[in-house]
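**Q** Just dropping this structure here.
The values are calculated or read from the model by the stated rules, or taken from the named source; none is laboratory data. Please read these numbers as outputs of a predicted model, since none were measured by experiment. Ideal geometry is used to build each Cβ from the backbone, glycine not excepted, and the neighbour counts take in all protein chains shown. Side chains are part of the model used for accessible areas, which takes the heavy atoms of the whole protein and leaves out ligands, DNA and RNA. Shrake-Rupley method; radii C 1.70, N 1.55, O 1.52, S 1.80 Å.
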Amino acid sequence: DARVAVPFTRNHHKLIAGLRSVVPEGMTPLASGIMKSLDLIKQSKVKNPLLILITDGMPTYPLWSFDSKEDAIKAAEEVKKAKVRLTCIGVRSNRDFLAELAKAGDANLYVVDNLNRDTLVQVVHDERQELKQAL
């Protein structure tokens, strides 16, 4: 099952500690993670939320059906319906599937070989700039 590693925070130290607690292993319940994030956003009533999905683009555990990829696409469509901005960051990823997922969620897609602090900060900065221009 997907879990929240870091609830909403502006505290950099809590964010880093939460991200360090994430250990990539086992199955990837991508649809579950997207839906859990969407529920968290809806409960918090955050203005102009940005959901950043960092993934290898290989969902391996379904949520609603027997097709984990189709379920992830459906979850991305739910994000779009909720008018939540979605950004996908693929790390050494399945680019074709991520492009499909990003399209379903009306998301920007960044594919990187190595995700580090500077890359993540740049992505968030670019997304914030784009949001400002859209408003």
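**Q** Kindly evaluate S32 against the criterion of being closer than 23 Å to D126 by Cβ, at pLDDT 80 or above, in contact with a helix residue (DSSP H, G or I) (Cβ under 9 Å, 6 or more places away or on another chain) and buried (at least 20 other Cβ atoms within 10 Å of the Cβ).
**A** In short, no.
**Q** Kindly list the number of the only condition in (1) exposed (fewer than 15 other Cβ atoms within 10 Å of the Cβ); (2) in a loop (DSSP other than H, G, I, E, B) that fails for K42.
**A** (2)
**Q** Yes or no: region 65-80 includes at least one residue that is acidic (D, E), buried (at least 19 other Cβ atoms within 10 Å of the Cβ) and over 26 Å from R10 (Cβ atoms).
**A** Yes.
**Q** Quick check on my filter: what residues within region 5-23 are part of a loop (DSSP other than H, G, I, E, B) and either open to solvent by 70 Å² or more (accessible area, probe 1.4 Å) or small (G, A, S) (or both)?
**A** Scanning region 5-23 gives A5, P7, F8, R10, S21, V22, V23.
**Q** For K42, which of the numbered conditions (1) closer than 23 Å to Y110 by Cα; (2) more than 14 Å from the chain's Cα centre (by Cα); (3) in contact (Cβ under 8 Å) with a residue 40 or more places away in the chain fails to hold?
**A** Result: K42 passes all but (1).
**Q** Being under 13 Å from the mean Cα position of the chain (by Cα) and either assigned to a loop (DSSP other than H, G, I, E, B) or not β-branched (V, I, T) (or both) is the filter here; which residues of region 45-55 pass it?
**A** Selection gives P49, L50, L51, L53.
**Q** Within region 45-64, restricting attention to residues that are under 22 Å from E127 (Cα atoms) and polar (S, T, N, Q), which residue is most open to solvent (accessible area, probe 1.4 Å)?
**A** The residue in question is N48.
**Q** Just name the residue that is most open to solvent (accessible area, probe 1.4 Å) out of those in region 116-135 that are within 25 Å of M35 (Cβ to Cβ) and over 14 Å from the mean Cα position of the chain (by Cα).
**A** Among those that are within 25 Å of M35 (Cβ to Cβ) and over 14 Å from the mean Cα position of the chain (by Cα), it is R128.
**Q** Failed condition for E25, given (1) modelled with pLDDT of 80 or more; (2) within 21 Å of V112 (Cα to Cα), with all others met?
**A** With (1) modelled with pLDDT of 80 or more; (2) within 21 Å of V112 (Cα to Cα) applied to E25, the lone miss is (1).
**Q** Something else about it: When region 97-121 is examined, which residues are found to be free of Cβ contacts under 8 Å to residues at least 12 places away in the same chain and out of contact with any strand residue (DSSP E or B) (no Cβ under 9 Å at 6 or more places or on another chain)?
**A** N116, R117, D118, V121
**Q** Another question, then. Can you give me the number of residues within region 111-135 that are among the hydrophobic types (A, V, I, L, M, F, W, C) and assigned to a helix (DSSP H, G or I)?
**A** Matching residues across region 111-135 total 6.
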